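Computed from the coordinates by the stated procedures, all read-outs in this text should not be read as laboratory data. Here the structure is a predicted model, which is why all the values come from computation and not from measurement. In this analysis, Cβ positions are derived from the backbone assuming ideal geometry, glycine residues included, and neighbour counts consider all displayed protein chains.
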Amino acid sequence: MPKSAQSNISTPSFSLGLVENLRSLRPDLKPSDIAALVIDETSYYRDHKDVQKAGVPAARHYFQYGEKEKRKYCYPRLSYTSSMASQPVQKGKTIFYTTAPEDNPSWLYRCVFPNKNHENSDDHIFFSGANLLSDLLIGIFAAKKIIFLRPGYNPRTIYLIQLARMLGISIEFDFDDLLLPEFARERGACRSGLRSPQEDFSESLKQSALTVYADSITCSTDGIAVELSKITPNVTVRRNKLPLHYFRSVENIVSRGKSYSFPDGKVKILYLSGSNTHKRDFSTITGPLTKLAQQYGDKFTISFMGSLSDYSNVFNMLGVKSQMIPSVAFDKMLDIISMHDLVLVPLEDSIFNNCKSNIKYIECASQGVPIIASSVSEFDFAIKNGVNGWLCNDEADWYQKLVSILLDPDSIISCGINAYSHAKKGLSV
């Protein structure tokens, strides 16, 4: 997990007050300028008249007392375009910021995995929305660059972007999904009926408007880069990769290939839904799976993991042993994958899905388990059909390939070994 936000920032004692601490990090700025950057004093006094009556500076009061007392904070009114720095900051820390939980896969793959054990990891600091604003400010004042993961249009993110520009700090946005408004109808939440296209369009329109304030943008796939390049020129692709320590040992994989036998002659199939935004994606294979259960129900078991509706009762009624597994932490998820033989990754053929990364392939390959997936761009990039996994184009293709796998389960072992070798060589950190 990420390092503590303050573990590698040297600052004076908090008894001096936040403004004094920030001044020690940026001696080029006046204390009065720093105070104006961290709080709207007029608004704070208006909302907290006792502080004004006591004659305590708003910045000192809020960050020494008000923050702990959960008093209302007043964001200062800053500019997106002005800068107090005479030139861009050249030395300092690299800050990674997200509003997502610390175990969120995007946060792990895009920020933690590639940077936690980097040779310059002492210069990398990780922040989430759960951090105190005072911690964030200390980090930013010590920074030369801040990287926002999927920045949302909310008061804190907007303020941090404005503050970074005022301080001359480089701003980078990182995207692992196609979040532009013109593709709102294509996103999983809309296709699965969880959000209206109008609602998604409105939110993504605000988010995409922020991209003009990024000095650079990084994304996970070529498809995302193509679309983002239409609105900003400085876009770089950095594919998702998994740290080597998550991969099972070579000895374990080789041993599995030599001695593995399918319990009761049944293939253990797993479907990882992730969030419930994949309801429509799963619907693309409900027909083939139902037919498979009716005709070859004695040859497999199936587990469903994540936020998908519970389909286990349906398959149990059809005579196929089935179970529902709740969402678990990342490490535990890999353990559960390793207990299965084959993982299903169905995706509708849409521009949104063709821009998604292939982390499910990487995660399963790290455990020596192959996947059978819809033929979308990033899985086409990683999988050679029948060699290190399987690709399907339609329902008939899904059914035929699943039947062939069940009738020749040894192909699972060879594909799993090949997927492991491929991912470890080219898709690991």
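Brief remarks follow.
- Under 22 Å from Lys206, Cα to Cα: lysines that are on another chain or at least 8 residues apart: Lys230, Lys356
- Annotation: amide H of Ala143 within the under-5 Å range of Lys93, sequence separation 5 or more or interchain, hydrogens built in the peptide plane.
- The range 244-426 - percent relative contact order, Cα under 8 Å, separation 6 or more: 23
- Mean Cβ count within 10 Å, highest first, over the residues of peptides 133-142, 208-217, 33-42: 133-142, 33-42, 208-217
- HN-Hα J in Hz across the range 363-374 - Karplus 6.51, -1.76, 1.60, θ = phi - 60°, x for Gly and Pro: 4, 5, 4, 4, 9, x, 10, x, 10, 10, 10, 5
- Of the peptides 67-74, 415-422, the order by per-residue mean of other Cβ atoms within 10 Å, starting with the highest, comes out as 415-422, 67-74.
- Shape category assigned to the range 45-85 from the gyration tensor of Cα positions, a/c cut at 1.5: prolate
- Cα gyration tensor, the range 244-426 - rounded (a/c under 1.5), prolate or oblate: rounded
- Amide H within-cut-off set for Ala214, under 5 Å, with H built and near neighbours excluded: none
- Proximal lysines relative to Lys49, as straight alpha-carbon distance under 17 Å, when same-chain residues fewer than 8 apart are discounted: Lys70, Lys72
- By the rule of a C-alpha distance below 21 Å, with chain neighbours fewer than 8 residues away ignored, the lysines paired with Lys266 are Lys258, Lys291, Lys299, Lys321, Lys401.
- Between Val267 and Phe300, Thr301, the built amide H atoms are under 5 Å apart, and every one of these is 5 or more places off in sequence or on another chain.
- Rg [Å, one decimal], Dmax [Å, integer] - the chain, C-alpha atoms: 25.2, 81
- Computed over the chain: relative contact order in percent, which uses C-alpha pairs under 8 Å that are six or more apart: 13
- Cα gyration tensor shape for the range 187-340, rounded if a/c is under 1.5, else prolate or oblate: oblate
- Value of [θ]222 nm, deg cm²/dmol, for the chain, DSSP H segments ≥ 4, -39500 (n - 2.57) each, nearest 500: -11000 deg cm²/dmol
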